[in-house]
1. Just to verify a result, which residue in the range 263-292, among those that are free of Cβ contacts under 8 Å to residues at least 40 places away in the same chain and under 23 Å from S60 (Cα atoms), is surrounded by the fewest Cβ atoms within 10 Å (Cβ to Cβ)?
2. Can you report the number of residues in the range 231-262 which are among the acidic types (D, E) and either loosely packed, with under 13 Cβ neighbours inside 10 Å or more than 17 Å from the chain's Cα centre (by Cα) (or both)?
3. Name every residue in the range 254-283 that is of a type outside the set (A, V, I, L, M) and more than 24 Å from N342 (Cβ to Cβ), in order of residue number.
4. Starting from the range 217-235, keep only residues that are of a type in the set (K, R), then list their pairs with residues that are outside any loop (DSSP other than H, G, I, E, B) and surrounded by fewer than 20 Cβ atoms within 10 Å (Cβ to Cβ) whose Cβ atoms are within a distance under 7 Å, requiring at least 6 positions of separation or different chains.
5. Return a yes/no flag: does the range 336-357 have any residue that is surrounded by fewer than 20 Cβ atoms within 10 Å (Cβ to Cβ) and either within 16 Å of the ligand (Cβ to nearest atom) or within 19 Å of the chain's Cα centre (by Cα) (or both).
6. Any chance you could count how many residues in the range 50-93 are more than 11 Å from the ligand (Cβ to nearest atom), polar (S, T, N, Q) and under 24 Å from G252 (Cα atoms)?
7. Identify all residues within the range 277-294 that are within 14 Å of the ligand (Cβ to nearest atom) and either touching an Asp or Glu at 6+ places or on another chain (Cβ under 6 Å) or more than 16 Å from A222 (Cβ to Cβ) (or both); write none if there are none.
8. Counting just the residues of the range 167-217 that are closer than 14 Å to D268 by Cβ and part of a loop (DSSP other than H, G, I, E, B), which one comes out farthest from the ligand (Cβ to nearest atom)?
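Every read-out reported here was derived from the displayed coordinates using simple, explicitly stated rules and does not represent laboratory data. Quick caveat: nothing in here was measured; it's all calculated off a predicted structure. Cβ atoms come from the backbone with ideal geometry, glycine included; neighbour counts cover every protein chain shown.
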Amino acid sequence: MFKLLPPLFQRLYSTASNLKIMEGFIGAIGNTPLIRLRKLSQETGSEIYGKAEFMNPGGSVKDRAALFVVKEAEEKGLIKPGGTVIEGTAGNTGIGLAHVCRAKGYKCVIYMPNTQSQEKIDLLRMLGAEVHPVPAVPFDNPDNYNHQARRHAEKLENAVWTNQFDNTANRRAHIETTGPEIWDQTNGLIDGFTCATGTGGTFAGVARFLKDKNPNIKVFIADPPGSVLYTYFKSGGKLMERTGSSITEGIGQGRVTDNLSGDVHLVDDALYIPDEKSIEMVYRLLDEEGLYLGASTALNVVAAVEMAKKLGPGKKIVTILCDGAYRYQSRLFSRKWLESKNLLDSIPNNLQKYIVL
Ligand code: PMP
C-alpha cells in the first residue's frame with residue numbers, strides 16, 4: 001500500500017513512521033537518514049548518498065551489530081541475566097556493546113589495541129565498561145586483543161565473547177536492517193554500494209541484501225593502507241602480508257573474516273584509498289556539508305566518488321557515514337598530529353582554518 005503512494009507522500013509517510021516513540025536505547029537503533037552529499041553529487045553528475053549511521057544512539061554503525069550479537073547470545077542461552085559481554089574491538093563495537101549492556105543490565109569488558117584514540121577509551125569507561133587497552137599485535141599472535149577477550153570469557157561464569165569478526169550475527173544485522181533501509185530509501189533505484197571493512201559485517205550484509213534484490217547493483221570494497229583486501233580482490237584471492245598502516249580507525253583487515261567470506265564472490269571491484277585522500281575528505285565534508293565525521297567515513301565517501309567516476313554519470317551511489325569526528329578530534333583536528341603523520345599538506349589551504357587544536 002505504501003509503494004502505491006506518490007513519492008512525496010511516501011517520503012512524508014516514512015518520515016512520520018521514523019518519528020514514532022522508540023523503546024529505550026535499543027529501540028532507537030537503526031532507521032537512520034540517507035543524506036545526499038550535494039557538492040560531490042554536483043561534481044560527479046551522480047547522486048552520492050551517505051547512510052547516516054553516526055545518528056545511531058551510540059553514535060556509530062556498530063550499534064546494529066552490537067545489538068544483534070547480544071540478542072543472538074541470549075537466544076542461544078549463552079548469557080543469562082547479570083552476565084558479562086566480552087569483546088575485542090577497535091572501539092565502536094565496544095561503545096555499542098557498552099550501551100546495549102547498560103540497557104539490558106549486563107556487565108561489559110572490552111579489549112582494544114592501545115593504538116586507538118583516547119576519546120574512545122574514555123567514553124567506554126564512562127559507559128561503565130571495563131577496558132583493557134593491549135599492545136596492537138597481529139591476529140595470529142595469541143596476545144591479539146581478540147584472543148585475550150576470548151580467554152577472559154572462557155574463564156568467567158555466565159560470560160560470552162561476542163566475536164564480532166567471525167560471528168555472522170554481525171552481518172545479519174545489515175542484511176535485516178541496513179540493507180532493507182537503503183533499498184526503501186532509494187525506492188530500489190540504486191546503482192552502486194561501496195564501503196570499507198573492519199569486520200566486514202556492514203559491507204557483506206548490505207552487499208548481500210542489495211545483490212539479492214537486484215544482481216545488477218555494483219558493490220565495490222574500499223580499502224585503506226595496511227589492509228589486505230584490495231590486493232586480495234585484485235589478485236583473484238591471494239592473501240598478502242600486511243604492510244603499512246592507516247590513520248583510519250576501525251577499518252582495514254589482515255584476513256578474510258567469516259562475516260566476509262560467504263559473500264566474497266559478490267564483490268565487483270576494489271578501491272584503494274590512501275590516507276591523503278581520506279583526510280582531505282574529512283575537511284571537505286565539514287566545509288561543504290557541515291558534516292563532522294570520522295576518517296573511515298571520509299574514506300567511504302572518497303570511494304563513492306571513485307565508484308561514481310567508474311560507473312559513469314547519472315547513477316545513484318550509496319555509502320556509509322560510520323561515525324562522528326568527535327571520537328578522533330584530538331588527532332584529526334590537531335596540527336601537530338597531522339604533521340606527525342605527514343598529512344598537513346593534504347588539507348587544502350582554504351580548509352586549514354578548521355585545524356584548531
Ligand atoms: N568505521 C568505523 C569507525 C568502525 O569502527 C568500523 C567497525 N570497526 C567500521 C567502519 C567497519 O564496520 P564493519 O566492522 O561492519 O566492517
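1. Step by step, filter the range 263-292, then rank; the result is G290.
2. Here is the first cut: in the range 231-262, the residues among the acidic types (D, E) are 241, 249, 258.
Okay, now just the ones that are also either loosely packed, with under 13 Cβ neighbours inside 10 Å or more than 17 Å from the chain's Cα centre (by Cα) (or both), so 241.
Residues meeting the conditions: 1.
3. Listed by number, the residues that qualify are R255, T257, D258, N259, S261, G262, D263, H265, D268, D269.
4. The qualifying pairs are K218/L311; K234/A270.
5. Among the residues of the range 336-357, not one is surrounded by fewer than 20 Cβ atoms within 10 Å (Cβ to Cβ) and either within 16 Å of the ligand (Cβ to nearest atom) or within 19 Å of the chain's Cα centre (by Cα) (or both), which makes the answer no.
6. 1
7. Y292, G294
8. As a first pass, look at the range 167-217 and keep what is closer than 14 Å to D268 by Cβ: 190-195, 203-204, 206-208, 210-211, 214-217.
Narrowing further to those that are part of a loop (DSSP other than H, G, I, E, B): 190-191, 214-217.
Working: I190: 19, D191: 22, N214: 22, P215: 22, N216: 24, I217: 19 Å.
Applying the filter and picking the extreme gives N216.
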